[in-house]
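In what follows, a structure is listed as C-alpha coordinates, so that the remarks can point back to it.
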Amino acid sequence: MERIRVGDIMTRNFVSISPDANLLECARTMIKKRVGSLILMENKDMKGILTEKDIIWAITKKKREIDEVKAKDVAS
(Lines give C-alpha, C1' and ligand atoms only; values in the text may rest on other atoms or scores of the structure.)
Protein backbone atom coordinates (compact mmCIF):
# COMPACT_ATOMS: atom_id res chain seq x y z
CA MET A 1 0.00 0.00 0.00
CA GLU A 2 1.32 3.44 -0.95
CA ARG A 3 1.84 5.84 1.93
CA ILE A 4 0.43 9.32 1.70
CA ARG A 5 2.07 12.06 3.71
CA VAL A 6 0.07 14.89 5.25
CA GLY A 7 2.06 17.42 3.26
CA ASP A 8 0.92 15.79 0.03
CA ILE A 9 -2.74 16.63 0.62
CA MET A 10 -2.70 19.73 2.83
CA THR A 11 -2.56 23.27 1.58
CA ARG A 12 -0.93 26.38 2.95
CA ASN A 13 -3.87 28.48 1.84
CA PHE A 14 -6.54 29.06 4.43
CA VAL A 15 -9.75 31.02 4.71
CA SER A 16 -9.92 33.74 7.32
CA ILE A 17 -12.60 35.99 8.75
CA SER A 18 -12.86 38.76 11.33
CA PRO A 19 -13.41 37.72 14.96
CA ASP A 20 -16.39 40.10 15.00
CA ALA A 21 -18.20 38.31 12.15
CA ASN A 22 -21.47 36.70 13.19
CA LEU A 23 -21.93 32.95 12.93
CA LEU A 24 -24.34 33.22 10.00
CA GLU A 25 -21.68 35.04 7.98
CA CYS A 26 -19.11 32.43 9.06
CA ALA A 27 -21.35 29.53 8.04
CA ARG A 28 -22.01 31.11 4.65
CA THR A 29 -18.28 31.66 4.12
CA MET A 30 -17.54 28.02 5.00
CA ILE A 31 -20.13 26.83 2.48
CA LYS A 32 -18.95 29.19 -0.25
CA LYS A 33 -15.27 28.27 0.22
CA ARG A 34 -16.00 24.57 0.93
CA VAL A 35 -14.05 24.48 4.18
CA GLY A 36 -14.82 23.14 7.64
CA SER A 37 -13.00 25.80 9.64
CA LEU A 38 -12.05 29.46 9.50
CA ILE A 39 -9.03 31.24 10.95
CA LEU A 40 -9.95 34.36 12.91
CA MET A 41 -7.61 37.14 11.82
CA GLU A 42 -7.29 40.67 13.13
CA ASN A 43 -4.59 43.05 11.87
CA LYS A 44 -2.57 40.14 10.45
CA ASP A 45 -2.66 38.38 13.84
CA MET A 46 -4.27 34.99 14.28
CA LYS A 47 -6.84 35.21 17.06
CA GLY A 48 -8.33 31.71 16.89
CA ILE A 49 -10.05 29.06 14.83
CA LEU A 50 -13.76 28.49 14.30
CA THR A 51 -14.96 25.05 13.27
CA GLU A 52 -18.26 23.61 12.09
CA LYS A 53 -18.56 21.96 15.50
CA ASP A 54 -18.25 25.35 17.23
CA ILE A 55 -21.17 26.67 15.19
CA ILE A 56 -23.34 23.64 15.96
CA TRP A 57 -22.49 23.97 19.66
CA ALA A 58 -23.46 27.66 19.63
CA ILE A 59 -26.78 26.95 17.93
CA THR A 60 -27.74 24.35 20.53
CA LYS A 61 -26.26 25.88 23.68
CA LYS A 62 -26.28 29.67 23.31
CA LYS A 63 -30.08 29.95 22.93
CA ARG A 64 -29.65 32.96 20.64
CA GLU A 65 -30.05 33.48 16.93
CA ILE A 66 -27.03 32.52 14.83
CA ASP A 67 -26.69 36.09 13.55
CA GLU A 68 -26.43 37.44 17.12
CA VAL A 69 -23.37 35.39 18.14
CA LYS A 70 -19.89 36.53 17.12
CA ALA A 71 -17.20 34.16 15.99
CA LYS A 72 -14.86 35.23 18.81
CA ASP A 73 -17.51 34.20 21.38
CA VAL A 74 -17.33 30.51 20.46
CA ALA A 75 -13.99 29.99 18.67
CA SER A 76 -11.00 28.17 20.15
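The values are calculated or read from the model by the stated rules, or taken from the named source; none is laboratory data. Quantities reported herein were computed from a predicted structural model and do not represent experimental measurements. With ideal geometry, Cβ positions are generated from the backbone for all residues, glycine too; neighbour counts draw on all protein chains shown. Heads up: the accessible areas ignore ligands, DNA and RNA and are worked out on the full protein's heavy atoms, side chains in. Shrake-Rupley method; radii C 1.70, N 1.55, O 1.52, S 1.80 Å.
For region 59-71, enumerate the residues that are open to solvent by 30 Å² or more (accessible area, probe 1.4 Å) and either hydrophobic (A, V, I, L, M, F, W, C) or assigned to a helix (DSSP H, G or I) (or both).
ILE59, THR60, LYS61, ILE66, ASP67, GLU68
Select from region 20-58 the residues that are of a type in the set (Val, Ile, Thr), without any contact (Cβ under 8 Å) to a residue 24 or more places away in the chain and not in a loop (DSSP other than H, G, I, E, B) and write down the one among them that is least open to solvent (accessible area, probe 1.4 Å).
Checked region 20-58; the qualifying residue least open to solvent (accessible area, probe 1.4 Å) is THR29.
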